[in-house]
Amino acid sequence: MSWITLERLEQKPEITDQEVSEALDRAAEQIIRNLPQFTDKFQKAYSENGFYEPVDNLDWTTGFWTGEIWLAYEHTGKEALKKAGQVQMESFLRRIDNRIDVETHDLGFLYSPSCVAGYKLTGSQVGREAALKAAEELITRFHEKGGFIQAWGPLNAPDNYRLIIDCLLNLPLLYWATEETGDQKFRQIAEKHIHTALANVIRPDFSTWHTFFFNQETGEPDHGATCQGYRDGSAWARGQAWGIYGTAIGYKYTRRESYIPIFKGVTEYFLEHLPEDLVPYWDLEFGDGDEDQPRDSSSASIAACGLLEMAKNLPEEEAAYYVGIARKLVKSVADNYAVKDPEESNGLVLHSTYSNHSPYNTCNHYGVDECNIWGDYFYMEALTRLHKDWNVYW
């Protein structure tokens, strides 16, 4: 097992502006091709044998498909995409009104790239209403004892009194709700959560815990664990990428200078544990020589989005460094992992991992070495960020 050195990393090629434009064209064409099957339905969280099946608006992932529709609409201006996005926002409003599978912290993943995006792009009052209702639902999961938004499960279950690193990407829904309504309660809860999360999920070496538990009686930090990484002490690749992007977003909204060294440390750990082609294995424990382990291409795209977001807020030389690294990551995904032939897959990016079982974790085993819907979305978001000055959905 070995990982790339930072010196070797800097020698890797960057995606060019023309390559970005061509990759976005291909992605948008694939999304348009999918509209007949995926307007009234949504893509499943992961493909099977390379192809997504249509599903109802359930689970924590469906917002990413709508997000892809909006990104394709931004790129092409095609009315069919706008109409599809509007149909899907109606579905999200029905979902929150009828409380269908909304008892989760993942309401940001569901409603930011679908309804906040649609409201920003089209002024949709359906999107605005749905997203504000989702924000109200999300803050019901906040625990004063501990100062965090609970991830999964019933709110009174002691074995679920925890947060997970992914939730850093759910918080922008709350910041947006405060901006939209003037009600500070959303922002206040978001800031308490991110403070608690970054104080506990970041290890001394800047690797990250997937999930962190608190004492239900006192709110005191208890212990870190993994549900999706290889083992408790390893760094789950997607979790590390959420840490990069989530810290960048946290700085965007709070301007806390203490978040900058956290961002740099979490990013460096991620980069130092990449294989030669810059697309990580599913857990950063693995590197070149571990070819029997699956990759998680989605992690590279998520990390690239975080690097590009944080670069907006850094001095010129540092910003250029992180933009350059993002371009290297995206080039590898575009060249080596992106779908080029619609006969091969109806997704955008191959070789992602949703949930990989190991002897040391509690994972289910599905979506391994497949397309994953968030991997497709964040790949397209990274391309969009490189293509223009993008009005962020998050």
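Could you please tell me which pairs satisfy a Cβ distance under 9 Å, a separation of 6+ or placement on different chains, a first residue in segment 88-110 that is without any contact (Cβ under 8 Å) to a residue 60 or more places away in the chain and among the hydroxyl-bearing types (Ser, Thr, Tyr), and a second residue that is open to solvent by 80 Å² or more (accessible area, probe 1.4 Å) and in a loop (DSSP other than H, G, I, E, B)?
SER91/ASP40; SER91/ASP56
Taking segment 287-320 on its own, how many of its residues are in a helix (DSSP H, G or I) and under 28 Å from TYR393 (Cβ atoms)?
Qualifying residue count for the region: 19.
For segment 342-394, what are the residues that are outside any strand (DSSP E or B), at pLDDT below 95 and surrounded by fewer than 18 Cβ atoms within 10 Å (Cβ to Cβ)?
Within segment 342-394, HIS357, PRO359, TYR360, THR362, ASN364, HIS365 meet the criteria.
Do you know which residues across segment 27-59 are surrounded by fewer than 16 Cβ atoms within 10 Å (Cβ to Cβ) and either in a helix (DSSP H, G or I) or of a type in the set (Val, Ile, Thr) (or both)?
Answer for segment 27-59, where residues must be surrounded by fewer than 16 Cβ atoms within 10 Å (Cβ to Cβ) and either in a helix (DSSP H, G or I) or of a type in the set (Val, Ile, Thr) (or both): GLU29, ARG33.
Are there any pairs, at least 6 apart or on different chains, whose C-beta atoms fall under 6 Å, with the first in segment 282-305 and more than 19 Å from GLY243 (Cα to Cα) and the second hydrophobic (A, V, I, L, M, F, W, C) and surrounded by fewer than 24 Cβ atoms within 10 Å (Cβ to Cβ), and if so, which?
From residues that are more than 19 Å from GLY243 (Cα to Cα), the pairs are GLY287/MET1; GLY287/TRP3; GLY289/MET1; ASP290/MET1; GLN293/PHE286; PRO294/VAL368.
For segment 202-227: of the residues being crowded, with 20+ Cβ neighbours inside 10 Å and of a type outside the set (A, V, I, L, M, F, W, C), which is modelled with the lowest pLDDT?
Only one residue tops the list, namely THR226.
For residues that are in contact (Cβ under 8 Å) with a residue 24 or more places away in the chain and under 24 Å from the mean Cα position of the chain (by Cα), tally how many sit in segment 5-24.
9
From ASP389, ASP376, ASP335, ASP341, grab the single residue that is under 18 Å from the mean Cα position of the chain (by Cα) and of a type in the set (Asp, Glu). Working first, answer last.
On the way: ASP389 fails: under 18 Å from the mean Cα position of the chain (by Cα); ASP335 fails: under 18 Å from the mean Cα position of the chain (by Cα); ASP341 fails: under 18 Å from the mean Cα position of the chain (by Cα).
After ruling out the rest, the residue left standing is ASP376.
Determine which member of the set ALA177, ALA199, ALA190, ALA157 is open to solvent by less than 20 Å² (accessible area, probe 1.4 Å), without any contact (Cβ under 8 Å) to a residue 40 or more places away in the chain and out of contact with any Cys (no Cβ under 7 Å at 6 or more places or on another chain).
On the way: ALA177 fails: without any contact (Cβ under 8 Å) to a residue 40 or more places away in the chain; ALA199 fails: open to solvent by less than 20 Å² (accessible area, probe 1.4 Å); ALA190 fails: without any contact (Cβ under 8 Å) to a residue 40 or more places away in the chain.
Step by step, each of ALA177, ALA199, ALA190, ALA157 is checked, and only ALA157 is open to solvent by less than 20 Å² (accessible area, probe 1.4 Å), without any contact (Cβ under 8 Å) to a residue 40 or more places away in the chain and out of contact with any Cys (no Cβ under 7 Å at 6 or more places or on another chain).
In a helix (DSSP H, G or I), open to solvent by less than 20 Å² (accessible area, probe 1.4 Å) and in contact with a helix residue (DSSP H, G or I) (Cβ under 8 Å, 6 or more places away or on another chain): which single residue out of ALA131, ALA151 fits that description? Reasoning before the result, please.
On the way: ALA151 fails: in a helix (DSSP H, G or I).
Of the residues listed, the single one that is in a helix (DSSP H, G or I), open to solvent by less than 20 Å² (accessible area, probe 1.4 Å) and in contact with a helix residue (DSSP H, G or I) (Cβ under 8 Å, 6 or more places away or on another chain) is ALA131.
Tell me whether segment 208-226 contains one or more residues that are among the polar types (S, T, N, Q), in contact (Cβ under 8 Å) with a residue 60 or more places away in the chain, touching a Ser or Thr at 6+ places or on another chain (Cβ under 8 Å) and outside any loop (DSSP other than H, G, I, E, B).
Yes - at least one qualifying residue is present in segment 208-226.
From the set of residues in segment 78-122 that are touching a Phe, Trp or Tyr at 6+ places or on another chain (Cβ under 7 Å) and among the polar types (S, T, N, Q), which is nearest to ILE139 (Cα to Cα)?
THR104
Go through (1) modelled with pLDDT of 95 or more; (2) closer than 22 Å to TRP236 by Cβ and name the single condition GLY153 misses.
Failed condition: (1).
Give, as residue ranges, the helices (runs of 4 or more DSSP H) completely inside segment 60-121 that count at least 1 residues that are open to solvent by 10 Å² or more (accessible area, probe 1.4 Å), in contact with a helix residue (DSSP H, G or I) (Cβ under 6 Å, 6 or more places away or on another chain) and under 30 Å from GLY153 (Cα atoms).
Once the helices (runs of 4 or more DSSP H) in segment 60-121 are filtered for at least 1 residues that are open to solvent by 10 Å² or more (accessible area, probe 1.4 Å), in contact with a helix residue (DSSP H, G or I) (Cβ under 6 Å, 6 or more places away or on another chain) and under 30 Å from GLY153 (Cα atoms), what remains is 79-97.
The values are calculated or read from the model by the stated rules, or taken from the named source; none is laboratory data. All figures in this text were calculated on a predicted structure; none of them were measured in a lab. Cβ atoms come from the backbone with ideal geometry, glycine included; neighbour counts cover every protein chain shown. Heads up: the accessible areas ignore ligands, DNA and RNA and are worked out on the full protein's heavy atoms, side chains in. Shrake-Rupley method; radii C 1.70, N 1.55, O 1.52, S 1.80 Å.
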